[in-house]
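Okay, structure first, notes after.
The numbers here are math on the coordinates, done by the rules we state, and not lab data. What you see is a predicted model, and the numbers here were worked out from it, not measured in a lab. Every residue, glycine as well, gets a Cβ built from its backbone with ideal geometry; the counts of neighbours run over all protein chains shown.
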Amino acid sequence: MNAMLRAAKWVRRHYQAIILTALVISFAAGAVTTAPGRTLQPYTQTLTFFMILFISYTITPRQFLTVSRQPWPVLAGLALNFLFMPLLAWGLTQLLVNNPDFAVGLILVGVVPCAGMAAVWTALLKGDVPLSMAINALSMAILAGTDVAISTWGMFQQLAVILLAPLALGVGLRWLSDRFWDVKPLLPLLPALSALTAVLLMFTVTNLNAPLMMRGQARAFQRFTQDAVSTENSHRQAKPGQAVWHPA
């Protein structure tokens with residue numbers, strides 16, 4: 001048991017390095033084959049379910065009731081999600097993005113809540129996990145009700161599978177366990193298990209999309225090279241007697 005607790009502490013302490021290592025390996029592997037990602041892809045919903053379940057088990061019903069009596073932190077979280085994050089994403093598009101489609105995509109990424117990962121990071125940093133889960137649930141519910149080109153019922157079903165069901169199950173199991181056992185010594189293990197599950201999900205997504213990302217990088221580099229050549233030719237044309245080189 002002590003060895004497991006030490007391992008969980010190590011995961012918490014070195015989680016950033018674990019994530020970066022997993023992403024580098026999955027991206028490098030994706031340059032050769034996406035077989036690992038395709039193998040894990042059918043289990044992504046199951047992994048997401050357990051990622052939320054592990055975190056939810058650390059929450060008691062009383063903690064959720066406490067969150068319901070303190071609406072201001074929840075409202076502040078929603079304001080950050082739907083006001084600050086889109087504005088931050090818009091600012092980044094003004095600085096870094098010239099393509100309107102990429103700009104819209106970046107703003108959407110800024111406004112869409114990340115659900116399980118937010119709870120994982122909150123738990124690893126010893127934050128208020130019940131508050132994090134409440135903000136995520138409300139954020140996704142609000143987003144599902146907006147006028148977007150998706151099936152609201154389909155999004156609600158997905159929301160129920162990946163967030164509400166494991167959340168309710170985890171809190172219910174915690175309530176039941178507390179009636180018969182002292183589970184507090186086991187609780188430090190659960191954020192680490194949830195974090196490692198999240199690493200598997202990130203590995204899967206990165207490995208599957210590595211070829212697409214590499215093609216995008218190649219096109220971006222080609223455009224950068226062409227723009228650089230065009231700029232150089234423009235400067236040379238301004239100086240008579242110098243040859244102008246045209247790319248093939």
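Computed 3J(HN,Hα) for region 73-81, one whole-Hz value per residue from the Karplus formula 6.51 cos²θ - 1.76 cosθ + 1.60 where θ = phi - 60°, is x, 5, 5, 5, x, 5, 5, 4, 5, glycine and proline marked x. Counting Lys and Arg as +1 and Asp and Glu as -1 over every other residue whose Cβ lies under 14 Å from the Cβ of residue 15, the net charge comes to +4.
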